[in-house]
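Enquirer: Shown below is the structure under consideration.
The values are calculated or read from the model by the stated rules, or taken from the named source; none is laboratory data. Note that the structure is predicted; figures quoted are calculated from it, not measured. With ideal geometry, Cβ positions are generated from the backbone for all residues, glycine too; neighbour counts draw on all protein chains shown. Surface accessibility is based on the protein's heavy atoms, side chains included, excluding ligands, DNA and RNA. Shrake-Rupley method; radii C 1.70, N 1.55, O 1.52, S 1.80 Å.
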Amino acid sequence: MTDSNEKLLLVGDNPFHNISHLSQERARSKTEDPGDPKYAASLIEMAVEHGANGFTFSVSENTLSILKELNTQGTIERLHLYPIVPYAFEYVRLATQLGGIPALAQKFGIEMVKSKNLGAIGLGLRGALTVNPASLMKTYLAYEISRIKSSVNKNVHVDSMLLHQLITDIALALNLDWLFKSYVDFVSSKKIIPGFNTGNFAFLVDKFAEWNIDLRKVIIAAPFNKVGFQMSPSVEECEKALSVIPEPVVIAISILAAGYIRPEEAAEYIAGLPNIRGIAVGVSKEKHAKETFSLFKSALDVDYITSV
Amino acid sequence: MSREALRIAVVGLGKMGLLHACILNTMPNVQLAAACEKSLVTRKLFKKILSSVPLVGDVREFSGLDLDAVYITTPISSHFSVAKTVLQERLARHLFIEKPLTSNYHESKELCELVANNGGVNMVGYLRRFMVTFMKAKELLSQSAIGEPASFAINAFSSDFYDMREYAEVAASRGGVLKDLGSYAIDAALWFFGSIQVNSAKIESLTGAGSEDAVQFTLQRESDNLQGAVSVSWCIKGYRMPEVVLSIKGTKGILDVNDDKVSLKLNNGDESIWYRHNLNDNVKFWLGGPEYYREDAYFVKSVTNNSLAEPSFETASKVDLLIEMIQRKAERHD
C-alpha cells in the first residue's frame with residue numbers, strides 16, 4: 001500500500017498509445033514506437049531508476065503486455081499501480097465500428113465468458129437480467145481487476161483504480177451520486193483506493209461535498225498546469241478547489257500541457273500547489289524518462305514542498 | 001422566455017445524444033426534460049440511470065411534455081422523419097440536429113420550408129465552428145491577415161475504418177464518408193469562403209464493394225476563381241481522433257488550421273502559432289472537448305433570445321446539396 005506521505009511520481013501511458021493532447025500531428029510523426037511493450041517497459045524501468053515510483057495506465061491489451069514485461073523484469077514490484085478503467089476511447093471506437101451500444105455489450109459479454117471469471121460472470125448475468133447499472137459496473141470492475149492480476153505476480157498490489165475521465169464526467173453531469181458511491185464501496189471492498197480522473201476538478205469537489213463522499217478516502221487525477229490547459233472552468237477555480245480539500249489526494253496530470261510547458265516550469269508550479277499527492281507524466285524517449293523524473297523527484301521532495 | 005429553465009429533450013441516446021444530454025444537464029438555465037431511444041435494451045438501461053427523466057421509445061410520446069427544444073442525435077437516415085414529426089405535431093418550437101441535416105437535399109429543403117413556417121430557432125451541429133482554432137482562423141481570414149485568398153486545401157481524415165475490409169455494412173449505415181466526415185470539410189469551405197460549386201470528384205471503395213470510403217474533389221468559389229482541393233477518408237492510419245485540416249494560401253502568406261492549432265506564415269518571414277490554450281479554450285463544463293459545451297451554450301442562448309443560430313438548417317442544407325453534386329460528378333473506383 002502507498003505511504004500517504006510518499007509523493008507519487010507516476011509514469012503515464014499516453015505516449016504508449018501514440019497520444020499527444022497538444023497535437024495529433026505530432027503524435028503521428030513520432031519515429032520510435034513507444035507502443036511496443038518491450039520498449040515501453042524499458043522506458044518505465046529507466047524512469048524508475050531516476051525517481052518514478054508508479055505507473056498509471058488505461059487497461060488494454062497493450063498496457064497489460066507492458067505489465068507482463070515489467071513483471072518478467074522484476075520492476076513491477078517497485079511500482080505503485082494506478083490503472084484507469086474503462087479504456088473509454090477503445091470502447092467508443094468499438095461501438096462506432098460495431099454499430100452501437102447493444103453490439104458492443106454483446107461483444108463484451110463474449111469476452112467476459114472467455115475470461116472464465118465466474119464471479120464476474122455471475123454478477124454480469126444478474127446485472128443483465130435485472131438491467132441493474134450498479135451490478136453491471138461491478139461486473140466490469142471485477143473483470144478488469146482479474147485481467148490486471150493475471151498479468152502480474154501475486155505480490156503486486158494495485159494501489160488505486162481510477163474511473164476514466166469520460167465516465168466520471170458523464171456521471172458528474174447527470175448527478176449520478178449512486179454511481180460514485182457504488183464505485184467507492186466496491187473498489188474499497190477490494191482493498192483498493194477508489195480514484196477518479198476528471199476534467200472538471202472544481203465541479204467534482206463541490207459535488208462530492210454535496211453528496212457526502214469523503215475526499216480523504218479517494219484519489220483524484222486532474223489537470224494542473226500554469227497555462228490552464230484543460231483546466232475547466234479556469235485555473236483560478238481549480239486552484240481554489242485544490243486549496244479547500246482536506247488532504248493531499250490529487251494526482252496532477254497534463255502538467256506539461258502536452259509539451260507546451262518546459263518541465264522545470266511545470267515542476268516549479270506543481271511544487272507550489274497544496275494538496276498534491278503526486279504527478280503523472282508520459283515519456284516517449286529514454287532521455288525524457290531520465291531527465292523528467294530526476295527533475296520531479298527533486299522538485300516534489302516533501303521537504304522542498306514544505307519550504308516553498 | 002417566461003419560465004426559468006428551458007425544457008429540452010434529446011432523441012437518440014448514442015454517443016452524441018448522451019454527450020449533449022450531459023452538457024445540457026449542467027446548465028443552470030436548462031432542464032433535461034425527456035429523452036427518446038428506440039433500442040429497448042438501451043432504453044431499459046437509461047431508465048435506471050436517468051430515473052427522473054421521462055424516457056420514451058417514440059418521439060410522439062413527447063406530446064404534452066411542454067418542451068421548448070429537441071436535440072435530434074439519431075442515425076442520419078432518421079433525422080428528417082423525427083424532425084418532421086416534432087415540427088408537425090408541435091412537440092417543440094426549436095430544433096438542434098446533429099450534422100448532417102438529413103440524408104439528402106430533397107429532405108433538407110423540405111425541412112427548411114417547415115421551419116420557415118414554424119418560426120423557431122434551428123441549428124445543425126457542425127462542431128468545428130465552435131473550435132477555438134477554427135474560430136481564430138476565420139477571424140484572421142476576415143481581417144485579411146493573408147491578403148486575398150488564392151487557393152485552399154482541406155483534408156478530413158480518420159482511422160475509423162482503417163484496414164477493416166469486412167465493415168462495409170457498418171460504414172454504409174453511417175451514410176458514407178462524405179456525409180460523416182466530409183460534411184465537416186464542406187461546411188468549413190462554405191463557412192470560410194461562401195457559395196461554392198464542385199468542379200471534379202473521385203470516390204473510392206475500400207471497406208467493400210459500392211462503399212464510399214475515400215473521396216477527393218475540387219471546389220470553386222462562385223464569385224471568383226478561388227479554387228480548393230478536398231480529400232476525405234476514414235481509412236487512414238494514425239488518426240486516433242477524426243481531424244480536419246484547412247490550409248489557405250493568400251497573397252500575403254499561408255494560414256493553416258487544425259483541431260489543435262492555427263499557424264500564420266507571412267511572406268515577409270513573420271510567423272505566429274496559436275494553440276488551443278492560447279485562445280481561451282476553457283468552458284464551464286468539459287466533456288468530449290470544450291467545443292461541445294460552446295456549441296450547446298450558443299444554441300441555448302439563441303433559443304432564449306429567439307435569435308438566429310448558425311449554422312441554420314438553411315446553411316446546412318447547402319452542405320447536403322454539395323454532397324449530392326460531388327456524388328453525381330464522381331468517377332467511382334471500386
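Enquirer: Checking the conditions here, which among B:R174, B:R128 is within 30 Å of B:L67 (Cβ to Cβ), modelled with pLDDT of 95 or more and either open to solvent by 10 Å² or more (accessible area, probe 1.4 Å) or assigned by TED's automatic domain parsing to the domain that holds B:V230 (or both)?
Expert: B:R128
Enquirer: Give me a count of the residues in the stretch B:262-301 that are over 23 Å from B:M241 (Cβ atoms), free of Cβ contacts under 8 Å to residues at least 60 places away in the same chain and more than 21 Å from the chain's Cα centre (by Cα).
Expert: The number of residues fulfilling the criteria is 7.
Enquirer: Would you say B:K249 is under 26 Å from B:L226 (Cβ atoms), more than 15 Å from the chain's Cα centre (by Cα), open to solvent by 40 Å² or more (accessible area, probe 1.4 Å) and at the interface with chain A (Cβ under 8 Å from one of its Cβ atoms)?
Expert: Judged against the criteria, B:K249 is not a match.
Enquirer: Looking only at the stretch B:216-243, filter to residues that are more than 18 Å from the chain's Cα centre (by Cα) and β-branched (V, I, T); which one of those is surrounded by the most Cβ atoms within 10 Å (Cβ to Cβ)?
Expert: My answer is B:I236.
Enquirer: Got at least one residue in the stretch B:47-65 being β-branched (V, I, T), surrounded by 22 or more Cβ atoms within 10 Å (Cβ to Cβ) and not in a loop (DSSP other than H, G, I, E, B)?
Expert: Yes, because at least one residue in the stretch B:47-65 is β-branched (V, I, T), surrounded by 22 or more Cβ atoms within 10 Å (Cβ to Cβ) and not in a loop (DSSP other than H, G, I, E, B).
Enquirer: List the strands (runs of 3 or more DSSP E) inside the stretch B:239-334, counting only whole elements, that have at least 1 residues being at pLDDT 95 or above.
Expert: Qualifying strands (runs of 3 or more DSSP E): B:243-250, B:253-257, B:261-266, B:271-275.
Enquirer: Also, I was wondering about something else. Of all residues in the stretch B:281-296, count the ones that are charged (D, E, K, R) and within 11 Å of chain A (Cβ to nearest Cβ).
Expert: 2
Enquirer: What's the number of the only condition in (1) free of Cβ contacts under 8 Å to residues at least 40 places away in the same chain; (2) outside any loop (DSSP other than H, G, I, E, B); (3) open to solvent by less than 30 Å² (accessible area, probe 1.4 Å) that A:E237 fails to meet?
Expert: Unmet for A:E237, out of (1) free of Cβ contacts under 8 Å to residues at least 40 places away in the same chain; (2) outside any loop (DSSP other than H, G, I, E, B); (3) open to solvent by less than 30 Å² (accessible area, probe 1.4 Å): (3).
Enquirer: For the stretch A:148-170, what are the residues that are under 15 Å from A:V59 (Cβ atoms) and of a type in the set (V, I, T)?
Expert: A:I148, A:V152, A:V156, A:V158, A:I167
Enquirer: Same structure, new question: Could you please let me know if A:K287 is more than 14 Å from chain B (Cβ to nearest Cβ), charged (D, E, K, R), open to solvent by 30 Å² or more (accessible area, probe 1.4 Å) and under 23 Å from A:S58 (Cα atoms)?
Expert: Spelling it out, it is not the case that A:K287 is more than 14 Å from chain B (Cβ to nearest Cβ), charged (D, E, K, R), open to solvent by 30 Å² or more (accessible area, probe 1.4 Å) and under 23 Å from A:S58 (Cα atoms).
Enquirer: Of all the strands (runs of 3 or more DSSP E) wholly in the stretch B:66-129, which have at least 3 residues that are within 13 Å of the chain's Cα centre (by Cα) and under 21 Å from B:A185 (Cβ atoms)?
Expert: Correct list: B:122-125.
Enquirer: Oh, and also: Would you list the helices (runs of 4 or more DSSP H) that sit entirely within the stretch A:150-224 and hold 3 or more residues that are over 27 Å from A:L70 (Cα atoms) and within 11 Å of chain B (Cβ to nearest Cβ)?
Expert: By residue number, A:165-173, A:201-210.
Enquirer: Only one residue in A:Y304, A:Y269, A:Y260 is modelled with pLDDT of 95 or more and open to solvent by 30 Å² or more (accessible area, probe 1.4 Å). Which one?
Expert: Exactly one of A:Y304, A:Y269, A:Y260 is modelled with pLDDT of 95 or more and open to solvent by 30 Å² or more (accessible area, probe 1.4 Å), namely A:Y269.
Enquirer: Does B:K136 satisfy the condition of being charged (D, E, K, R) and under 20 Å from B:E271 (Cα atoms)?
Expert: Yes; evaluated as a whole, the condition is true for this residue.
Enquirer: Still on this structure, I have one more. Out of all the residues in the stretch B:221-236, is one or more assigned to a loop (DSSP other than H, G, I, E, B), more than 21 Å from B:G176 (Cβ to Cβ) and either within 11 Å of chain A (Cβ to nearest Cβ) or touching an Asp or Glu at 6+ places or on another chain (Cβ under 7 Å) (or both)?
Expert: Within the stretch B:221-236, none of the residues are assigned to a loop (DSSP other than H, G, I, E, B), more than 21 Å from B:G176 (Cβ to Cβ) and either within 11 Å of chain A (Cβ to nearest Cβ) or touching an Asp or Glu at 6+ places or on another chain (Cβ under 7 Å) (or both).
Enquirer: Filter the stretch A:19-38 for residues that are surrounded by 18 or more Cβ atoms within 10 Å (Cβ to Cβ) and at pLDDT 65 or above and give the result.
Expert: A:P34, A:G35, A:P37
Enquirer: If you scan the stretch B:20-36, which residues turn out to be open to solvent by 20 Å² or more (accessible area, probe 1.4 Å) and within 19 Å of A:I167 (Cβ to Cβ)?
Expert: Listed by number, the residues that qualify are B:N25, B:T26.
Enquirer: Which of the numbered conditions does B:T42 fail, given that it passes all the others? Conditions: (1) of a type in the set (S, T, N, Q); (2) open to solvent by less than 20 Å² (accessible area, probe 1.4 Å); (3) closer than 21 Å to B:G175 by Cα.
Expert: (3)
Enquirer: Here's a follow-up. Kindly check whether there is at least one residue in the stretch B:100-123 that is farther than 27 Å from B:A172 by Cβ, open to solvent by less than 60 Å² (accessible area, probe 1.4 Å) and among the polar types (S, T, N, Q).
Expert: Checking the stretch B:100-123: at least one residue is farther than 27 Å from B:A172 by Cβ, open to solvent by less than 60 Å² (accessible area, probe 1.4 Å) and among the polar types (S, T, N, Q).
Enquirer: Further question on the same structure: Kindly indicate whether any position in the stretch B:51-72 is within 22 Å of B:G14 (Cβ to Cβ), in the same structural domain as B:N25 (by TED's automatic domain parsing) and at pLDDT below 95.
Expert: Within the stretch B:51-72, one or more residues are within 22 Å of B:G14 (Cβ to Cβ), in the same structural domain as B:N25 (by TED's automatic domain parsing) and at pLDDT below 95.
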